[in-house]
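Participant: The structure follows.
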Amino acid sequence: MFTKNFIEKLKDRLANWNKTAEKYRGKKSMPRFFTVSGDDIDELYTPDSIKGADTENYFDEHIGLPGEYPYTRGVHHTLYRTKLWTMRQFAGMGTPIQTNERFKYILKQGGTGLSTAFDLPTLMGYDSDHVRSLGEVGKCGVAVDTLADMEIIYGGIDLAKVSTSMTINSPASVVLAMYLVVAEKQGVPFDQIRGTLQNDILKEYIAQKEFIFPPKPSIRLITDMMDYCTKNVPQFNTISISGYHIREAGATAAQELAFTLADGFCYIESAIEAGQDVDEFAPRLSFFFNAHSDFFEEIAKYRAARRIYAKRMKNKYKAKNPKSWLLRFHTQTAGCSLTAQQPENNIVRTAIQALSGVLGGTQSLHTNSMDETLALPSEKAALIALRTQQVIAHETGVANTVDPLGGSYFVEALTDKMEAEAEQYFDEIEQRGGVLQCIEDGFFQKELAKSAYRYQMELEKKDRIVVGVNDFVMEDEKIDIPVLKIDKNIEKEQVDFCKKIKADRDNGKVQQTLEHLREVAKGDGNTFEAMMECARAYVSVGEMCDVLREEWGEYTETQAAMSAS
Amino acid sequence: MDKKIRVLLAKPGLDGHDRGIKVIAAALRDAGMEVIYTGLRQTPEMIVDAAVQEDVDAIGVSILSGAHMTLFPAILDVMKAKDASDMILFGGGIIPDDDKAELEKLGVAKVFTPGAPTEEAINFLKKAVAQKGSDEKIM
């Protein structure tokens, strides 16, 4: 990219520059210049900061052009000039009826994709009438027990026209089966169904901890479902390999990047081992990253992610279809960066984080609402969050050109550093026996706990300032934004509805399809097809999961994973 | 030398977000306390039984799922039933101010919300345990 001669001359010039700069270094505006992840940042970046910039192949191997290998600059040639990112706001609350109303509101306000949040009982495979669901029904998402709930949630919404994301993991297949049956009843052919299922169980063991079954059968559920969708639901993204929760649980940017990609490679290897062709399934894989507050570090993370992935898919997994090399991703701004103090400031944080996702070339984006450290978003807060994306898209000019930061000495150096750190982690994970062994041994969990504690201590020592929390504090602050409260009667309503459906359905058919699911789970047939049959018979999430629990057992965290640091 | 403060930490309900409770566990340990973390998805009975068995001074729970108005009172009920009401129950999570006030009225000694420094929890526990000790001497 630069000649050796140029770099040599630059070094001399920098030596001189440094003498003058030294005069200003006595005073510091901040105690330390470092990223959210704790990495020190240099005062100045020049071509000399980029290792290998004086070699002939540097540009092609590290930067290149958008839409071309190694895709550092983006997966599309023209990116947002052809199609803006999908503004996909995560929503779901209370009863199916309320969620349906919120979805219709989002679509009316110009949202272009739906994103469904489920409540904890659904995520953990319990029905609303289960004793462990007490107090949790409809609290952090919508409650789904049977097909009847899914019919209400997506009622009056043409499933051929929207793309729907569903944030669920352990029982992901169960819920997708129900969604497809809703489409079937609407008369929408499966090849028109678009959307994404989160379906990433590995990060549950590592970070979010909503697991039901042990890793091996859990991965089988995923590969069975991928197999079905590759053949029947070709436009659907079967898995969203997620770093978001890993970051929220305390990871640094490099840890988020490395652990997420390592998970991705683990799924890819599992599908290959199950006999699937990498070029058949890989084009439907997608990723999900966090957008934290350190602007440039985040942009470098996204750019490094695309490059690492393209290289591995091509060289290690021998994918031949260029579509298999593309790392497409969704971004959500960092919930863990939001403050309960002076919550309106969260609008600003979210806007800046969202901008990093856009400059990093995200395919879709969720912007958090200012009130999420207090409760689920109010309608007003959710609308401001969506408007934030619209302002970025239409007013700031950042969508005018592809990868505007490509070639920035700082961003390229940081992208290279991010890649190198991730590669180091891949080596370590491999030496430790792979992803599943590292989960068992608590390796990831301990790394996250250490990073989270370090970050908290930086705050408490005031090495790091968070506005309104450890500086610029307002004494006796009164929160004066509306806070959403979930009506206490919702739980009872949902429990009653669940019981009614269970009483009214053909329970002979329920038993028959459930027994079939059990037989398939014991053997090696496709569990997803058996779940479709169950879904059609209004078998509940809890009933399907119970059969699988009986056959496969339940997962509990190892002592090693629980230990604090 | 003073007896070490013993604290049991747990995650009740279905919520799996354990970043906060692990940070608290590490901070309390660094402050010289003995911490027993019993992990995720603990029922009120499991929590109180473990607390009694470990003979702790305080029980700390973290709830980010919105189920706090069900889970805290359930833990208080079990504490009462198992004669463990002398233990200090404290907690943290995404808990709106109104609910926080109501929980503290019901008998939760202290509810911490996002942004609270770990030092606050450490000081609270030291003070509350010392207070409990002197109350017991009077009785």
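The values are calculated or read from the model by the stated rules, or taken from the named source; none is laboratory data. Just so it is clear, the structure is predicted and the values come from calculations on it, not from any experiment. Cβ placement follows ideal geometry from the backbone for every residue including glycine, while neighbour counts extend to all protein chains displayed. When the accessible area is computed, the model is the full protein with side chains, heavy atoms only, and any ligands, DNA or RNA have been set aside. Shrake-Rupley method; radii C 1.70, N 1.55, O 1.52, S 1.80 Å.
Participant: Could you count how many residues in the stretch A:174-190 are under 18 Å from residue A:281 (Cβ atoms) and under 22 Å from the mean Cα position of the chain (by Cα)?
Facilitator: 1
Participant: What's the number of the only condition in (1) of a type outside the set (D, E, K, R); (2) under 30 Å from residue A:419 (Cα atoms); (3) within 14 Å of another protein chain (Cβ to nearest Cβ) that residue A:75 fails to meet?
Facilitator: Only one criterion is unmet by residue A:75, namely (3).
Participant: Identify all residues within the stretch B:100-139 that are in a helix (DSSP H, G or I), small (Gly, Ala, Ser) and more than 12 Å from chain A (Cβ to nearest Cβ); write none if there are none.
Facilitator: To start, the set of residues in the stretch B:100-139 that are in a helix (DSSP H, G or I) comprises B:100-106, B:118-138.
Applying the additional criterion that residues be small (Gly, Ala, Ser) yields B:101, B:121, B:128, B:130, B:133-134.
The answer is B:101, B:128, B:130, B:133, B:134.
Participant: Only one of A:187, A:138 is more than 21 Å from residue A:329 (Cβ to Cβ), at pLDDT below 95 and not basic (Lys, Arg); which?
Facilitator: On the way: A:187 fails: at pLDDT below 95.
A:138 is the lone residue from the list that is more than 21 Å from residue A:329 (Cβ to Cβ), at pLDDT below 95 and not basic (Lys, Arg).
Participant: Please count how many residues of the stretch A:6-52 are assigned to a loop (DSSP other than H, G, I, E, B) and more than 23 Å from residue A:412 (Cα to Cα).
Facilitator: Restricting attention to the stretch A:6-52, the residues satisfying the condition of being assigned to a loop (DSSP other than H, G, I, E, B) are A:23-33, A:35-39, A:41-46, A:50-52.
Now restrict to residues that are more than 23 Å from residue A:412 (Cα to Cα): A:23-31.
Residues flagged as assigned to a loop (DSSP other than H, G, I, E, B) and more than 23 Å from residue A:412 (Cα to Cα) within the stretch A:6-52 amount to 9.
Participant: Collect the residues in the stretch B:35-60 that are assigned to a helix (DSSP H, G or I), free of Cβ contacts under 8 Å to residues at least 40 places away in the same chain and open to solvent by less than 10 Å² (accessible area, probe 1.4 Å), keeping them in residue-number order.
Facilitator: Of the stretch B:35-60, the ones assigned to a helix (DSSP H, G or I) are B:44-54.
Okay, now just the ones that are also free of Cβ contacts under 8 Å to residues at least 40 places away in the same chain, so B:44-49, B:52-53.
Within the stretch B:35-60, B:47, B:48 qualify.
Participant: Which residue pairs have Cβ atoms closer than 6 Å, lie 6 or more positions apart in sequence or on different chains, and pair a first residue in the stretch A:333-349 that is within 11 Å of chain B (Cβ to nearest Cβ) with a second residue that is among the small types (Gly, Ala, Ser) and open to solvent by less than 20 Å² (accessible area, probe 1.4 Å)?
Facilitator: So the pair list comes out as A:339/A:468; A:341/A:468; A:342/A:468.
Participant: Against the condition surrounded by 18 or more Cβ atoms within 10 Å (Cβ to Cβ), of a type in the set (Phe, Trp, Tyr) and more than 26 Å from residue A:121 (Cα to Cα), how does residue A:538 come out, does it pass?
Facilitator: Numbers: surrounded by 18 or more Cβ atoms within 10 Å (Cβ to Cβ): yes; of a type in the set (Phe, Trp, Tyr): yes; more than 26 Å from residue A:121 (Cα to Cα): no.
So residue A:538 does not fit the description; no.
Participant: Here's another thing I want to ask about it. Is it the case that the stretch A:343-352 has a residue that's outside any helix (DSSP H, G or I) and surrounded by fewer than 24 Cβ atoms within 10 Å (Cβ to Cβ)?
Facilitator: yes
Participant: Condition (residue is open to solvent by 10 Å² or more (accessible area, probe 1.4 Å), at pLDDT below 95 and either within 20 Å of the chain's Cα centre (by Cα) or hydroxyl-bearing (Ser, Thr, Tyr) (or both)) applied to the stretch A:191-204: is it met by at least one residue?
Facilitator: For the stretch A:191-204, residues open to solvent by 10 Å² or more (accessible area, probe 1.4 Å), at pLDDT below 95 and either within 20 Å of the chain's Cα centre (by Cα) or hydroxyl-bearing (Ser, Thr, Tyr) (or both): present.
Participant: To continue, here is another question. With the requirement that a residue be open to solvent by less than 20 Å² (accessible area, probe 1.4 Å) and more than 18 Å from residue A:455 (Cβ to Cβ), what does the stretch B:21-34 give you? Step through it out loud before you land on a result.
Facilitator: Going through the stretch B:21-34, the residues open to solvent by less than 20 Å² (accessible area, probe 1.4 Å) turn out to be B:21-23, B:25-28, B:33.
Matches in the stretch B:21-34: B:33 only.
Participant: For residue B:63, state whether it is open to solvent by less than 20 Å² (accessible area, probe 1.4 Å), within 12 Å of chain A (Cβ to nearest Cβ), among the β-branched types (Val, Ile, Thr) and in contact with a Pro (Cβ under 9 Å, 6 or more places away or on another chain).
Facilitator: Yes; evaluated as a whole, the condition is true for this residue.
Participant: A further question on this structure: Considering the stretch A:353-380 alone, what residues qualify as being among the polar types (S, T, N, Q), under 21 Å from residue A:397 (Cβ atoms) and either assigned to a helix (DSSP H, G or I) or out of contact with any Phe, Trp or Tyr (no Cβ under 8 Å at 6 or more places or on another chain) (or both)? Full working, then the answer.
Facilitator: If we filter the stretch A:353-380 for residues that are among the polar types (S, T, N, Q), which is where we start, we get A:353, A:356, A:362-364, A:367-369, A:373, A:378.
Filter once more, so that each one left must be under 21 Å from residue A:397 (Cβ atoms): A:353, A:356, A:362-364, A:367.
If the condition is that a residue be among the polar types (S, T, N, Q), under 21 Å from residue A:397 (Cβ atoms) and either assigned to a helix (DSSP H, G or I) or out of contact with any Phe, Trp or Tyr (no Cβ under 8 Å at 6 or more places or on another chain) (or both), then A:353, A:356, A:367 are the ones that fit.
Participant: What's the total number of residues in the stretch A:208-228 that are within 19 Å of the chain's Cα centre (by Cα) and under 18 Å from residue B:40 (Cα atoms)?
Facilitator: The number of residues fulfilling the criteria is 4.
Participant: Mind checking which residues of the stretch A:27-60 are among the hydrophobic types (A, V, I, L, M, F, W, C), open to solvent by 60 Å² or more (accessible area, probe 1.4 Å) and closer than 27 Å to residue A:290 by Cβ?
Facilitator: Across the stretch A:27-60, the qualifying residues are A:30, A:33.
Participant: Quick check: anything in the stretch A:412-422 more than 14 Å from chain B (Cβ to nearest Cβ), free of Cβ contacts under 8 Å to residues at least 40 places away in the same chain and within 29 Å of residue A:51 (Cα to Cα)?
Facilitator: Within the stretch A:412-422, the first condition is being more than 14 Å from chain B (Cβ to nearest Cβ), and the residues that meet it are A:412-422.
Cutting the leftovers down to free of Cβ contacts under 8 Å to residues at least 40 places away in the same chain gives us A:420.
Keeping just the survivors that are within 29 Å of residue A:51 (Cα to Cα) gives A:420.
So far as the stretch A:412-422 goes, yes, one or more of its residues are more than 14 Å from chain B (Cβ to nearest Cβ), free of Cβ contacts under 8 Å to residues at least 40 places away in the same chain and within 29 Å of residue A:51 (Cα to Cα).
Participant: Of A:143, A:148, which residue is more than 28 Å from residue A:206 (Cα to Cα) and either within 13 Å of chain B (Cβ to nearest Cβ) or touching a residue at least 60 places away in the same chain (Cβ under 8 Å) (or both)? Break it down into steps so the answer makes sense when it comes.
Facilitator: Details: A:143 fails: more than 28 Å from residue A:206 (Cα to Cα).
Matching residue, one of A:143, A:148: A:148.
Participant: Go through the stretch B:30-49 and give me each residue that's more than 20 Å from residue A:131 (Cβ to Cβ) and more than 7 Å from chain A (Cβ to nearest Cβ). Before the answer, list the steps.
Facilitator: Here is the first cut: in the stretch B:30-49, the residues more than 20 Å from residue A:131 (Cβ to Cβ) are B:30-37.
The answer is B:30, B:31, B:32, B:33, B:34, B:35, B:36.
Participant: Condition first: surrounded by 18 or more Cβ atoms within 10 Å (Cβ to Cβ) and either of a type outside the set (D, E, K, R) or over 22 Å from residue A:327 (Cβ atoms) (or both). Can you find one or more residues in the stretch A:15-26 that meet it? Before you say what the answer is, go through the steps one by one.
Facilitator: At the first step, the residues of the stretch A:15-26 found to be surrounded by 18 or more Cβ atoms within 10 Å (Cβ to Cβ) are none.
Within the stretch A:15-26 (the criterion being surrounded by 18 or more Cβ atoms within 10 Å (Cβ to Cβ) and either of a type outside the set (D, E, K, R) or over 22 Å from residue A:327 (Cβ atoms) (or both)), the answer is no, since none of the residues qualifies.
Participant: Quick one: is residue A:191 more than 29 Å from residue A:487 (Cα to Cα) and acidic (Asp, Glu)? Don't jump to the end; show me each part of the working.
Facilitator: Numbers: more than 29 Å from residue A:487 (Cα to Cα): yes; acidic (Asp, Glu): yes.
For residue A:191, the condition - more than 29 Å from residue A:487 (Cα to Cα) and acidic (Asp, Glu) - is met.
Participant: Identify, please: which residue in the stretch A:366-393 is more than 14 Å from chain B (Cβ to nearest Cβ), surrounded by fewer than 24 Cβ atoms within 10 Å (Cβ to Cβ) and more than 25 Å from residue A:301 (Cα to Cα) and is, among those, modelled with the lowest pLDDT?
Facilitator: Per the criteria, the residue is A:379.
Participant: Of the numbered conditions (1) over 21 Å from residue A:374 (Cβ atoms); (2) facing chain A (nearest Cβ under 10 Å), residue B:75 fails exactly one; give the number of that condition.
Facilitator: That leaves (2) as the condition not met.
Participant: Those residues that are closer than 30 Å to residue A:458 by Cβ and open to solvent by less than 40 Å² (accessible area, probe 1.4 Å), I need them from the stretch A:470-503; list them, please.
Facilitator: A:470, A:481
Participant: Enumerate the helices (runs of 4 or more DSSP H) found wholly within the stretch A:423-535, keeping only those where 3 or more residues are without any contact (Cβ under 8 Å) to a residue 40 or more places away in the chain and within 14 Å of chain B (Cβ to nearest Cβ). Don't jump to the end; show me each part of the working.
Facilitator: Working: elements: A:435-440, A:443-460, A:489-504, A:507-522.
In the stretch A:423-535, A:443-460 are the helices (runs of 4 or more DSSP H) which contain 3 or more residues that are without any contact (Cβ under 8 Å) to a residue 40 or more places away in the chain and within 14 Å of chain B (Cβ to nearest Cβ).
Participant: How many residues, within the stretch A:536-565, are more than 30 Å from residue B:38 (Cβ to Cβ) and either within 14 Å of another protein chain (Cβ to nearest Cβ) or part of a helix (DSSP H, G or I) (or both)?
Facilitator: Total meeting the criteria: 1.
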